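Student: To start, I am sharing the structure in question, which I have written as structure tokens.
The values are calculated or read from the model by the stated rules, or taken from the named source; none is laboratory data. Computed from a predicted structure; not experimentally measured. Neighbour counts are summed over all protein chains in view; Cβ atoms, including those assigned to glycine, are modelled from backbone coordinates with ideal geometry. Just the protein is used for accessible areas: all its heavy atoms, side chains included, with ligands, DNA and RNA removed. Shrake-Rupley method; radii C 1.70, N 1.55, O 1.52, S 1.80 Å.
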Amino acid sequence: MFKDLFNTTISLLLKPSEAWGRLSEKRTDDHEKFLSGFVYPFIGLVTMVAFLGILFTRKEFDIQIALRAAILALLSAFGGFFLASYLLNEVWRSLFKREKNMNLCQHFVGYSSVLMFSLNILLSLLPEFFFLRFFVLYTIYIVWEGAIPYMEVKESEQLTFVSFATVIIVATPLVLEFMLGLLMPGLKF
């Protein structure tokens with residue numbers, strides 16, 4: 001399970017066009033297998049590393065702060081994934097006049113979020129490298145490469161699709177994290 005997760009992640013980060021080509025061939029795979037074999041382990045890993053990162057990168061050993069970080073990471077990653085999938089599905093129907101397909105949108109958001117999940121893991125362990133957050137812009141390229149082969153967007157609509165999809169995929173977890181911070185100030189640490 002983790003071998004497939006690792007291989008897919010590395011191929012999407014290093015050679016997105018080839019990875020999207022392979023993923024588009026097995027687009028009709030079992031949706032539950034995708035969620036339980038790719039998205040949930042990634043979100044679990046983000047949550048676990050957020051917890052451990054706080055425990056081992058701070059001077060004080062405070063489990064309460066580590067639990068807050070894990071809760072915030074879990075809610076922003078999990079909620080961000082599902083909210084981004086829902087929003088992309090709505091844009092897919094209303095703007096591109098395609099039939100709603102939540103499974104397809106969840107697959108696309110999940111695979112396109114690989115970089116953000118990986119950066120969250122890395123930055124939880126190495127918080128002093130905050131400048132690595134700028135690499136989230138590489139998500140634009142990952143989405144660009146997947147728009148035509150995976151989502152089967154017309155070439156004339158590719159730029160519009162990439163613009164909307166990238167904003168949705170990148171901004172949703174960030175906005176959710178910000179909103180959680182406002183609604184539950186105890187989660188700030």
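Student: Which order do peptides 73-85, 36-48 fall in by mean Cβ count within 10 Å, highest first? Mind showing how you got there, number by number?
Tutor: Details: 73-85: 21.4, 36-48: 18.5.
Peptide ranking by packing, descending: 73-85, 36-48.
Student: Would you work out what percent of the accessible area of the chain, with all protein chains in place, is carbon or sulfur (probe 1.4 Å)? Present the calculation step by step, with values, prior to reporting the outcome.
Tutor: Numbers: 6940 of 10370 Å².
Carbon and sulfur: 67 percent of the exposed surface of the chain.
Student: Follow-up. Would you give the gap between the C-alpha center of the range 139-177 and the C-alpha center of the range 59-74, rounded to a whole Å?
Tutor: So the two Cα centres are separated by 32 Å.
Student: Out of (1) 16.2; (2) 18.6; (3) 17.1, which label holds the value of Kirkwood radius over Cα pairs in Å that was computed here?
Tutor: (3)
Student: Please compute the per residue accessible area over the range 7-96 with all protein chains in place, 1.4 Å probe, rounded to a whole number of Å². If you can, show how the numbers build up before the last one.
Tutor: Values: 4600 Å² over 90 residues.
That works out to 51 Å² per residue.
Student: If you take the beta carbon distance between Phe82 and Leu13 as r and set R0 to 22 Å, what does 1/(1 + (r/R0)^6) give as a FRET efficiency, to the nearest 0.05? It would help to have the intermediate numbers written out before the result.
Tutor: Values: r = 23 Å, r/R0 = 1.04.
Between Phe82 and Leu13 the formula returns 0.45.
Student: Name the residue from Trp144, Ile168, Phe61 whose Cα lies farthest towards the positive end of the charge dipole of the chain, charges +1 on Cβ of Lys and Arg and -1 on Cβ of Asp and Glu.
Tutor: Phe61
Student: Something else about it: Going Cα to Cα from Lys100, which lysines come in below 23 Å? Please leave out same-chain ones fewer than 8 positions away.
Tutor: Straight-distance partners of Lys100: Lys26, Lys33, Lys154.
Student: Is there a quick way to get the dipole size of the range 124-189? I mean about its Cα centre, with the Cβ of Lys and Arg at +1 and of Asp and Glu at -1; what is the value in debye to the nearest 20? If you can, show how the numbers build up before the last one.
Tutor: Numbers: 3 positive and 6 negative charges, 55 e Å.
In total the dipole reaches around 260 debye.
Student: Leaving out ligands and nucleic acids, note down the accessible area per residue over the range 110-162 with a 1.4 angstrom probe, in whole Å². Mind showing how you got there, number by number?
Tutor: Numbers: 2790 Å² over 53 residues.
Here the per-residue accessible area is 53 Å².
Student: Only four residue types carry charge here, +1 at the Cβ of Lys and Arg and -1 at the Cβ of Asp and Glu. Report the dipole size of the range 34-142 about the Cα centre in Debye, rounded to the nearest 20.
Tutor: Result for the range 34-142 is approximately 260 debye, rounded to the nearest 20.
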